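The values are calculated or read from the model by the stated rules, or taken from the named source; none is laboratory data. The structure displayed is predicted, hence computed values, not measured ones. Every residue, glycine as well, gets a Cβ built from its backbone with ideal geometry; the counts of neighbours run over all protein chains shown. Remember, those area values only see protein heavy atoms, side chains included, never the ligands or the DNA or RNA. Shrake-Rupley method; radii C 1.70, N 1.55, O 1.52, S 1.80 Å.
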Amino acid sequence: MDDARLKKRVQEIAESVKNVRFEDLRTLLDNHIRPFCEAKGLSYDHRNPPGSHHAFTVGTKTFNLVRPHGTPLLKRVYVERFLEAMEHINLYG
């Protein structure tokens, strides 16, 4: 995914923070944000100990995503933390 499409996808997420699926965001991070960071020389790490908590480091920002129980949708606070990290690497804002 090129930079413009990646920015557009992040903007779509920002426009619907209450309607973001955990798997969609995890896939975006691992399959598209990771290569973006590698190409720009930024750090990227996804730590997932056994359980529902996933810790991501993008650039110098670390944030958590918690796999929801009973619904596929993430809580707004986790999406907002993702957006803060995307702003830090110039993919949002």
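For the chain, a Gaussian network of Cα nodes joined below 10 Å ranks Ala55, Ala39, Ala14 by mean-square fluctuation, and the top entry is Ala39. The residues neighbouring Phe56, those whose beta-carbon lies less than 12 Å from its own, together hold a net charge of +2 under the Lys/Arg +1, Asp/Glu -1 convention. For the pair Thr60 and His88 in one chain, pulling the backbone fully straight at 0.36 nm per residue adds 9.3 nm over the alpha carbon distance. With the whole protein complex present, Phe36 retains an accessible surface near 20 Å², based on a 1.4 Å probe. To make sure I understand the rule: partners must be lysines, Cα under 17 Å from the Cα of Lys7, and not fewer than 8 residues away in the same chain. Which ones qualify? Leaving aside lysines fewer than 8 places away in the same chain, those within reach of Lys7 are Lys40.
With every protein chain left in place, what is the accessible area per residue of the chain in square angstrom, probe 1.4 Å?
Numbers: 5530 Å² over 93 residues.
Computed with neighbouring chains in place, this is 59 Å² per residue.
Which angle between 0 and 90 degrees, to the nearest 10, do you get for helix 76-88 versus the longest principal axis of the chain when only C-alpha atoms count? With both axes taken from Cα atoms, the answer is about 10 degrees. Note on the chain: with a GNM built from Cα contacts shorter than 10 Å, the maximum mean-square fluctuation among Thr71, Thr27, Thr60 falls on Thr71. Potential lengthening of the chain between Arg5 and Thr27 amounts to 6.4 nm, from the contour at 0.36 nm per residue minus the alpha-carbon distance.
How charged is the neighbourhood of Glu87? Take every other residue with its Cβ under 13 Å from the Cβ of Glu87, and add Lys/Arg as +1 and Asp/Glu as -1.
Numbers: positive: Lys7, Lys61, Arg81; negative: Glu80, Glu84.
Net of charged neighbours comes to +1.
For the chain, the share of accessible area belonging to carbon and sulfur comes to 46 percent (1.4 Å probe, ligands and nucleic acids excluded).
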